[in-house]
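Working notes, beginning with the structure itself.
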Amino acid sequence: MRRPANRIPDASNAAVATLLGGRGGKNKQPGKQKRLLFMKREILTAAMGVAVAGLMVTGASAATLDDVKAKGFVQCGVSQGLPGFSNPDDQGNWSGIDVDLCKALAAAVFGDATKVKFTPLSAKERFTALQSGEVDLLSRNTTWTMSRDTTLGLNFAGVNYYDGQGFMVRKSLGVKSALELSGASVCTNTGTTTELNVADYFRANKMEYEIVAFEKADEVVAAYDAGRCDVYTTDQSGLYAQRLKLTNPDEHVVLPEIISKEPLGPAVRQGDDQWFDIVKWTHFAMVNAEELGVTKANVDEMANSENPEIKRLLGKEGEFGAAIGLSNDWAYNIIKQVGNYAEVFDANVGPATPLAIARGKNDLWTRGGLQYAPPIR
Amino acid sequence: MAAVEHASAGGAPKVAIFNDPRIRGAAIQILLVVLIVFLIWGMVSNAATNLARAGIASGFGFLNVTAGFGINISPFVEYSETSSYGRVYLVGLQNTLVVAITGIILATVVGFIVGIARLSTNWVVSKLAYAFVEVMRNIPLLLWIFIWYFSVLRLLPDKAAPIDFGPFGLLNIAGYYAPKAVFGPGAGWIGLALLAGILASIVIYRWARAGLIVGLPLVAYVLTGFPLSFELPTTSRFGPRGGARIYPEFLGLLVALSFYTAAYIAEIVRAGILAISHGQTEASYALGMRRGHTLRLVIIPQAMRVIIPPLTNQYLNLTKNSSLAVAIAYPDLVSVFAGTTLNQTGQAVEVLLMTMLTYLALSLLTSLFMNWFNAKMALVER
Amino acid sequence: MANSVSPAAAAAAAYVRRDMAPAEPPPITEAGVIGWMRKNLFSSIPNTILTLFSIYLVWIIVPPLLQFGLFNAVWTGLDRSACTNAAQGGLQPAGWFGACWPYVGAYVEQFIYGRYPKGEYWRVNAVFFLFAAGLVPILMPRLPYKGLNAAYLFGVFPVAAFVLLTGGHISLDGFLLPNFVLAPSFAKFIVDFAVLAALVALVAFGIARGTESPAWPMVRGVLMAMGVLLAVLLVFAADLGLSHVETEVWGGLLVTLVIAVTGIVASLPLGILLALGRRSQMPAVRLFCVIFIEFWRGVPLITVLFMSSVMLPLFLPEGVTFDKLLRALIGVALFSAAYMAEVVRGGIQALPKGQYEGAMALGLSYWQMMQKIILPQALKLVIPGIVNSFIALFKDTTLVLIIGLFDFLGMIQSSYTDSKWASPVQSLTGYLFAALVFWAFCFGMSRYSLFMERRLDTGRR
């Protein structure tokens, strides 16, 4: 923007100068343009502000807990509908194991399990949503893998459901084991670890297969039900959930093989240890409560218990709540309003529900399962 | 800036600097460029910070990483689970091209038939064509894809009870299994002979076109000792194996895409034909031409000039719409690359940029080709 | 004939008919239903074959559809048992195959409102009503006050809809001055806004001085614009006692309409600017517009939506996130702006050159020419094109279900996960319902577009 001002003849120079008021007028021109540009930017900013102000939320930067407290609710990323884990009913209310974890978190932070809002996320957008701060917690039956933990900027705060990938086939095929599946066509969801696991499994066992990968679970079920595929594969819990949607659920059988480890758990953004701790201990509190026999029903009387472990859990002894930036009755609120791990499990996926999944690997370590929470002390 | 000098030197009195159109133009353009550069710079720097903060790798190195997942449909590109993400891109591109090209052909055929049927004097035929157009184009394509795919699945027989066409293969819910050509040693000569036949036909195309194209390879086939055989699909517990296969996903998508687009093409064809003055038809009848001849030799060639530009748009739309394959498990570019690859690598920016630029290039190529075709048609016309 | 006969011959004839013979009815094969059929259906052998083939096509498509949708359909029921056969645990006989309408009935509220809180449905209804109240009169060419009507539809209605749907009451705590000058608060916003208004007014004043035009009207205009802006912001910020409804719970027809309408409303001004830019004489502007238009027109909408849902968050500064719906809206608006630009360009190019020359001869400036001469005519010409774009956009909104928003089709698909209504005919019924609704909307709009086309056509050719 070099202006050859000195080459402008005097006559018009004077005119310009008069117009712009003062001798330096012509030299001010670029500055003025620049200011104009600056203004435009401001106007643009203002206009954008108007357009988005109502819908824009300021996401978390450093301290997620402060942000969450400031806005008054936990924004929780869940699935778009997986019975037992996070599924809306015909009234639009969400329920499931993953949903209950979100509620427990809200109970821990606010003492009120209803202060939570749910964002349904597709498999594709879930990590971006967490990274960008759109959600505070990703509780969306997400498998904890090394690459996700290390390269995606996430931290997995625990495992609230130990799952494994399984197969479902028609009974009429007479298949007893997954090793008999060579040559089968396999329906599954795209964009998850299942696609990779099934490739590994068939390759390792030198079997042929044809993969048919759909974007959404509903289409997978529909295609499998129509007979397009011989096998439906996804996490075993998912198989039980989806089997309910088949025309004749009884004609299908889930094969015994589990071909992968699928530790499903909540994830938070990397770099906020306090929030990470809160989510981690929310889950542990529920497991510890089960181990100590503290339930939704008896939590109030248990508060008077002499057992030091229970006293520490329910905040009657020590300052454990304060250590993670919460009130001391954080765990009490979780159990009072949401329940312990067993209660959550039984209410959402347990034998009494349509999914009818046994505790199995998700039982407490004391009963041969994998759910194990570090002690509160 | 020289403009200022010039204007001022010309002694134009009191032309305010803001009123000089050239100055103002330059200022606005500079402003625009600066604004755009600023915006892009802002986005890039934001993205860089965000990626660094989240610890996400960037760059195109991931294209050489092993993909590790399977893709069922890949007719031309060699693919296995050990192939790289770069190859996944190729497979996706290939499938997009296959469905787009076959879709364009089918849509054009159906579109022309329906468009002409719309103008038929036969009441039932024209009303049926009208109903086809109005039903097809007033329901979203995505819904059509679901409807066609699941009705294709519903109509096809179960795996256990396929329709057997004997030497022509099998048909069941998992697709149509055609006999696959297996080339023995020396089969290359047949290909060469075919090529020679085509070339010869072009040179001396006045006679025996088909004869040469079919004849030469046939002679080579006999001379090289029958190296070409056909592999028929065999049955197994999970239905037929082997053979060349047409998948129901492809079929569903193809029918949905081409029928949907055909409805638009039909309207374009109709408008094109109506744009030709009725005198042309009358003149051609007066010359003793029949209806079919009139249509083929007089009306359509003229109507083509009107038809081609909007037809190009429809071809572009079809190509872009083929990206909806993601909904029904047809492994096109968006499904395997912008879908699965994006998910597995997490490199959203690179993957989406590559995908979008690919579609852009496809669109531009189609436009170029159709422009060339259009110019050619116009030339023939004059 | 009688005239040509000589009088002598006439006299010689024993009988001469004096009256006209009554007209015979045409042969039965030429008139009436049969004649019509002969002429239109069976005029030749190929034609007959075509007719029979068409009738066969209708025969294999229509009766099964009617069977499924009407005659075999179930109309009442409380859960899946009404729509399943005995083997599946229901009441229907084996082999029954028909639509399950009670399922649609149970879900129809969700299909329209999504998961919007039940107690707040009236707000959505009010928005629908306000929209219809603005739309219907503007669609009728005969009614007067089109300017006011448009001002309502494009100015008042969006503000009202925004406040009603989200609940308004957004917090305004400043945007301009750094936080250490003034802590973020409503007062800071007012100060900020005043500073901004003053700055803008100053610039306007400068420009006015620079162009030797009277300064006061320009400054006044700018201040008025800022005032309107402030008023809108204050309305957004006002606490009207409406509870906040976040966009995650919006769904169904509401989302479909919000996306389609916002897309068109936002793309119209953008598209006009782009169309003008593409015909501009400034190379940089033209180049930018061409690249912008061709880029968005060259890529599929689904990749645009992926971009807005996965890539856009990465482009925003740290700590700033956009609502998911808003991101999709931005993508859709940019996408449809490119198409709108081409529609508008068609209209601008269709105007005879004399209009430009006439305007320039009157000494109008570029913007005056565009505002008063070119655009009013061009836009009127492209009304059918705009309606067609809207239809296309309305259908394209279904794609947002792939990025996890629940539009009308997405809501229907989402309802398939409900085991209360799970049955083999559930998804077919849902798709049939979706197809019927979309068809009714799109067909209606395309009729309107045709009507406008005919109306505008007269006098033009």
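Condition check ((1) more than 22 Å from B:THR345 (Cα to Cα); (2) surrounded by fewer than 20 Cβ atoms within 10 Å (Cβ to Cβ); (3) at pLDDT 95 or above; (4) within 13 Å of chain A (Cβ to nearest Cβ)) across all residues:
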{"position": "B:ILE71", "(1), (2), (3), (4)": "no, no, no, yes"}
{"position": "B:SER80", "(1), (2), (3), (4)": "no, yes, no, yes"}
{"position": "B:VAL88", "(1), (2), (3), (4)": "no, no, no, yes"}
{"position": "B:ALA107", "(1), (2), (3), (4)": "yes, no, yes, no"}
{"position": "B:VAL110", "(1), (2), (3), (4)": "yes, no, yes, no"}
{"position": "B:ARG118", "(1), (2), (3), (4)": "yes, no, no, no"}
{"position": "B:ASN122", "(1), (2), (3), (4)": "yes, no, no, no"}
{"position": "B:LYS127", "(1), (2), (3), (4)": "yes, yes, no, no"}
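Checking A:VAL268 against (1) in contact with a strand residue (DSSP E or B) (Cβ under 9 Å, 6 or more places away or on another chain); (2) away from chain B (no Cβ under 14 Å); (3) closer than 18 Å to A:ASP98 by Cβ; (4) at pLDDT 90 or above, which test does it fail?
The single condition A:VAL268 does not satisfy is (2).
Out of A:GLU306, A:GLU317, which single residue is in contact with a Lys or Arg (Cβ under 7 Å, 6 or more places away or on another chain), over 30 Å from A:LEU239 (Cα atoms) and either assigned to a loop (DSSP other than H, G, I, E, B) or polar (S, T, N, Q) (or both)?
When all the criteria are applied, what remains is A:GLU317.
How many residues, within the stretch B:261-294, are among the acidic types (Asp, Glu) and touching a Phe, Trp or Tyr at 6+ places or on another chain (Cβ under 6 Å)?
Qualifying residue count for the region: 0.
State whether the residues of the stretch A:113-130 include one that is in contact with a Leu (Cβ under 9 Å, 6 or more places away or on another chain), away from every other protein chain (no Cβ under 11 Å) and not in a loop (DSSP other than H, G, I, E, B).
The answer is yes; a qualifying residue exists.
Just to be sure, is B:ALA129 of a type in the set (A, V, I, L, M, F, W, C), outside the structural domain of B:LEU254 (by TED's automatic domain parsing) and touching a Lys or Arg at 6+ places or on another chain (Cβ under 8 Å)?
Judged against the criteria, B:ALA129 is not a match.
Go through the stretch A:104-132 and report how many residues are in contact (Cβ under 8 Å) with a residue 60 or more places away in the chain, closer than 11 Å to A:GLN75 by Cα and in contact with a helix residue (DSSP H, G or I) (Cβ under 7 Å, 6 or more places away or on another chain).
Final tally of qualifying residues: 1.
So is B:ILE71 touching a residue at least 24 places away in the same chain (Cβ under 8 Å) and hydrophobic (A, V, I, L, M, F, W, C) or not?
yes
Quick one: would you say B:VAL351 is within 14 Å of chain A (Cβ to nearest Cβ), touching a helix residue (DSSP H, G or I) at 6+ places or on another chain (Cβ under 8 Å) and either of a type in the set (Lys, Arg) or within 23 Å of B:SER258 (Cβ to Cβ) (or both)?
no
For the stretch A:167-210, enumerate the residues that are charged (D, E, K, R) and facing chain B (nearest Cβ under 9 Å).
Once the filter is applied, which keeps residues that are charged (D, E, K, R) and facing chain B (nearest Cβ under 9 Å), the stretch A:167-210 yields A:GLU180, A:GLU195, A:ASP200, A:ARG203, A:GLU208, A:GLU210.
Working only within the stretch A:79-103, note down all residues that are in contact with a helix residue (DSSP H, G or I) (Cβ under 6 Å, 6 or more places away or on another chain) and more than 10 Å from every other protein chain (Cβ to nearest Cβ).
Correct list: A:GLY84, A:PHE85, A:SER86, A:GLY96, A:ILE97, A:ASP100.
Quick check on the stretch C:376-386. Is at least one of its residues outside any loop (DSSP other than H, G, I, E, B), of a type in the set (Lys, Arg) and either crowded, with 24+ Cβ neighbours inside 10 Å or modelled with pLDDT under 90 (or both)?
The answer is yes; a qualifying residue exists.
Could you check the stretch C:304-344 and list, in sequence order, the residues that are part of a helix (DSSP H, G or I), within 24 Å of C:TRP250 (Cβ to Cβ) and β-branched (Val, Ile, Thr)?
C:VAL304, C:VAL310, C:ILE330, C:VAL332
Is it true that C:SER309 is buried (at least 24 other Cβ atoms within 10 Å of the Cβ) and away from chain A (no Cβ under 14 Å)?
no
I'd like the full set of residues that are within 20 Å of B:ALA275 (Cα to Cα) and without any contact (Cβ under 8 Å) to a residue 60 or more places away in the chain, limited to the stretch B:118-157.
Answer for the stretch B:118-157, where residues must be within 20 Å of B:ALA275 (Cα to Cα) and without any contact (Cβ under 8 Å) to a residue 60 or more places away in the chain: B:SER120, B:THR121, B:SER126, B:TYR130.
Residue check: is C:LYS420 in contact with an Asp or Glu (Cβ under 9 Å, 6 or more places away or on another chain) and surrounded by fewer than 20 Cβ atoms within 10 Å (Cβ to Cβ)? Steps first, please.
Numbers: in contact with an Asp or Glu (Cβ under 9 Å, 6 or more places away or on another chain): yes; surrounded by fewer than 20 Cβ atoms within 10 Å (Cβ to Cβ): yes.
Yes; evaluated as a whole, the condition is true for this residue.
Condition first: more than 9 Å from every other protein chain (Cβ to nearest Cβ) and either in contact with a helix residue (DSSP H, G or I) (Cβ under 8 Å, 6 or more places away or on another chain) or assigned to a loop (DSSP other than H, G, I, E, B) (or both). Now tell me which residues in the stretch B:47-65 satisfy that.
Result: B:SER58, B:GLY59, B:PHE60, B:PHE62, B:LEU63, B:ASN64, B:VAL65.
Could you name every one of the helices (runs of 4 or more DSSP H) located completely within the stretch C:101-199 that has at least 1 residues being among the basic types (Lys, Arg) and either within 11 Å of chain A (Cβ to nearest Cβ) or farther than 30 Å from C:SER419 by Cβ (or both)?
Filter on the stretch C:101-199 gives C:121-139, C:146-151.
The values are calculated or read from the model by the stated rules, or taken from the named source; none is laboratory data. Note that the structure is a prediction, hence the values are computed from the model and not measured. A quick note on method: Cβ atoms are made from the backbone with ideal geometry, for glycine too, and the neighbour counts reach across all protein chains shown.
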